[in-house]
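Notes to accompany the following structure.
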Amino acid sequence: MLSPDSEPAPVRGDPSYIAQTGYDDKVWLNQSPGSVRIYTTVDGWEGSLDLNVDQINQVSITSGEQPNFEVSDHEVRAAAKFLIELTRELT
């Protein structure tokens, strides 16, 4: 459990995590070509979600498909909202 003004340990001091706006709770996003990492704090509790695009595309290759999955901004936003709600439900 974190204090209300605290950042999760992986986010603290890491400039690749960008604080997001437009959410009811604090959200940080680290997005690179191969993955999206989302952190949130809800009532002092920390939640995280990793979307590993490289891993999803690797599964496509092994099943004989052409890998082309990319995470859109809309999907990132939906994932962040899901993470907030999940963290809230688990508190």
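Here are some notes:
- Restricting GLN55, GLN66 to residues that are modelled with pLDDT under 95, of a type outside the set (D, E, K, R) and touching a helix residue (DSSP H, G or I) at 6+ places or on another chain (Cβ under 9 Å) narrows the list to GLN66.
- The combined condition, being surrounded by fewer than 17 Cβ atoms within 10 Å (Cβ to Cβ), under 25 Å from GLU7 (Cβ atoms) and modelled with pLDDT under 90, is not fulfilled by THR21.
The values are calculated or read from the model by the stated rules, or taken from the named source; none is laboratory data. Everything numeric here is computed off the predicted structure, so don't read it as measured data. Glycine also receives a Cβ, built like all others from the backbone with ideal geometry; neighbour counts cover every protein chain displayed.
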